[in-house]
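Peer 1: Supplied in structure tokens, the structure appears directly below.
Derivation of every value follows stated rules applied to the coordinates shown; laboratory data play no part. Not measured: the values here are computed from a predicted model. Cβ: placed from backbone, ideal geometry, glycine included. Neighbour counts: every protein chain shown.
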Amino acid sequence: LTGVLDDCLCDIESIDDFNTFKIFPKIQKLQERDYFRYYKVNLKRPCPFWADDGHCSIKDCHVEPCPESKIPVGIKAGSSNKYSKAANNSKELEDCEQANKLGAVNSTLSNQSKEAFIDWARYDDSQDHFCELDDERSPDAQYVDLLLNPERYTGYKGPSAWRVWNSIYEENCFKPRSVYRPLNPLAPSRGESFYTWLEGLCLEKRVFYKLISGLHASINLHLCANYLLEETWGKPRWGPNVKEFTRRFDPVETKGEGPRRLKNLYFLYLIELRALSKVAPYFERSVVDLYTGNGHEDAESKALLLDIFRDTKSFHMHFDEKSMFAGDKKGAKSLKEEFRLHFKNISRIMDCVGCDKCRLWGKLQTQGLGTALKILFSEKEIQSLPEHSPSKGFQLTRQEIVALVNAFGR
């Protein structure tokens, strides 16, 4: 994949270079920190659109706790910083993974972590724009350790998975009434006419389609990169599946479609990168803490995040979101509202995913993108934030922050 991306003045080589040497190593470190590794999610919310038929085609996709002896130390309040090393002890994590059957979500947390989460909840203000948020007070909502539950291929496929993506593309991407052919890139009978039609859409609707396609490509790439290669004697072996990658992205096997999908992934990267550079002033204020109860760790996490923001600002080929919703005020406002509602609906469709691990990462990445869009459409509010008092007009909950960083990390 080479060359310039559509709808922005940016080339793939520059993004690769910038990401590999500047952003990726730092984002990876940030995702391992306590503030960013725990995500609260309700995996039991019913699918609002059809009777729940989707079950993993593998042994077990439900939440299965680790044995008590294997629970990672997690977060401890107080000034001691020794727990970080213990919490990331890879031997314990491996044992924990083995204790889980394939695809199960590991929901173990220490008591200290639970206490820290109660404190975090006090820091949160639950207003949201682009996503249907889980009710964090629901007894079904639980914290999940993202490091113990990596995104990977679990065997979830077939009609249930197809229906989720079909619903996302067909019912939530904008499409003129004259187009009867399927939007789903996995559907047969696509041709150049589809792209001629896509180019004919206004920029905003093109952007929406590309973001959803980029999200789809991102998820598929992770499944190919971390695939269940074999399971011998009950020990699964995960790794890259080149054949599967080729099937989904090779120009010949996809009739030229694969490279377009990958370009949309780069486009998604640019949108989320732009959001990070725009939200920096929110975090640069002294009143914003990445609070876990451990002052030393919190200060380090914030310093690392601000360092990433400096890098994002140094990137010289950002997507220009000012070109979006720039028409007459009334038309722009209704289009933005339509955009928001479409996206909100997609976040609800994620509750229809039949495999818990896939649902977890689907919800997290959708919320991360929703948060990026919320930031891009709140520039004025962010710029006028007070330095020494709580935010008025623009607020991010801890959930949104964790989703944004982890989605961009993906």
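Peer 1: Can you tell me which of 397-410, 370-383 comes out highest on packing, and rank the rest after it, using the mean Cβ neighbours within 10 Å? Can you show the working numbers first?
Peer 2: Numbers: 397-410: 22.6, 370-383: 19.8.
Ranking, from highest mean packing down: 397-410, 370-383.
Peer 1: What spacing in nm lies between the two simple spin-label points modelled at ASN111 and TRP162, each 7 Å away from Cα in the Cβ direction?
Peer 2: 5.1 nm
Peer 1: Given labels modelled 7 Å from the Cα in the Cβ direction, how far is it in nm from GLU253 to PHE21?
Peer 2: Using points 7 Å along Cα→Cβ, the separation is 3.3 nm.
Peer 1: Treat each spin label as a single point 7 Å out from the Cα along the C-beta direction, and report the LYS380 to ALA51 distance in nm.
Peer 2: With each label placed 7 Å out from Cα toward Cβ, I get 5.0 nm.
Peer 1: Also, I was wondering about something else. By its C-alpha gyration tensor, with a ≥ b ≥ c as the square roots of the eigenvalues, how is the range 322-410 shaped: rounded for a/c under 1.5, else prolate for a/b larger than b/c, else oblate? Can you show the working numbers first?
Peer 2: On the way: a/c = 2.61, a/b = 1.31, b/c = 1.99.
It is oblate, given that a/c is not under 1.5 and a/b is not larger than b/c.
Peer 1: Full extension from LYS235 to LEU306: what is 0.36 nm times the residue separation minus their Cα-Cα distance, to one decimal in nm?
Peer 2: Values: separation 71, 0.36 × 71 = 25.56 nm, distance 4.08 nm.
Contour length minus the Cα-Cα distance gives 21.5 nm.
Peer 1: Sort the range 245-294 into rounded, prolate or oblate with this rule: let a ≥ b ≥ c be the square roots of the eigenvalues of the Cα gyration tensor; rounded if a/c is under 1.5, and if a/c is not under 1.5, prolate when a/b is larger than b/c, oblate otherwise. Numbers along the way, then the final one.
Peer 2: Working: a/c = 10.04, a/b = 2.98, b/c = 3.37.
In terms of gyration-tensor shape, oblate.
Peer 1: Going 7 Å from the Cα of LYS313 along its beta-carbon direction, which residues of the range 360-389 have the amide nitrogen within less than 19 Å of the resulting point?
Peer 2: 375-388
Peer 1: For LYS322 and VAL242 in one chain, what is 0.36 nm times their gap in residues minus the Cα-Cα distance, to one decimal in nm?
Peer 2: Values: separation 80, 0.36 × 80 = 28.80 nm, distance 3.92 nm.
Gain on extension, LYS322 to VAL242, equals 24.9 nm.
Peer 1: Right, something else. Just list whichever of LYS278/LYS329; LYS336/LYS363; LYS26/LYS329; LYS26/LYS357 have alpha carbons separated by over 31 Å in the model shown.
Peer 2: Details: LYS278/LYS329 22 Å; LYS336/LYS363 22 Å; LYS26/LYS329 40 Å; LYS26/LYS357 25 Å.
Check vs 31 Å cut-off fails for LYS26/LYS329.
Peer 1: With a/c under 1.5 counting as rounded, go ahead and sort the range 242-365 into rounded, prolate or oblate using the C-alpha gyration tensor (a ≥ b ≥ c being the square roots of the eigenvalues; past the cut-off, prolate if a/b is larger than b/c, else oblate). Spell out each step's value before the answer.
Peer 2: Working: a/c = 1.59, a/b = 1.30, b/c = 1.22.
Note, shape of the range 242-365 comes out prolate.
Peer 1: Excluding SER286 itself, what net charge comes from residues whose Cβ is under 14 Å from its Cβ, given Lys and Arg +1 and Asp and Glu -1? Can you show the working numbers first?
Peer 2: On the way: positive: ARG285, LYS302; negative: GLU284, ASP289, ASP298, GLU387.
So the surrounding residues net to -2.
Peer 1: Using R₀ = 51 Å, calculate the FRET efficiency as 1/(1 + (r/R₀)^6) where r is the Cβ-Cβ separation of GLN28 and LYS330; round to 0.05.
Peer 2: About 0.70, to the nearest 0.05.
Peer 1: Quote to one decimal, in nm, the extra length available between GLU338 and ASP6 on full extension: 0.36 nm per residue of separation minus the C-alpha distance between them.
Peer 2: Working: separation 332, 0.36 × 332 = 119.52 nm, distance 2.31 nm.
Gain on stretching GLU338 to ASP6: 117.2 nm.
Peer 1: Note down the net charge around ARG274, summing +1 for each Lys or Arg and -1 for each Asp or Glu among other residues with Cβ under 14 Å from its Cβ. Please list the in-between numbers first.
Peer 2: On the way: positive: LYS210, LYS278, LYS313, LYS322, LYS374; negative: ASP7, GLU272, ASP311, ASP320, GLU321, GLU379.
With Lys, Arg at +1 and Asp, Glu at -1, the neighbours total -1.
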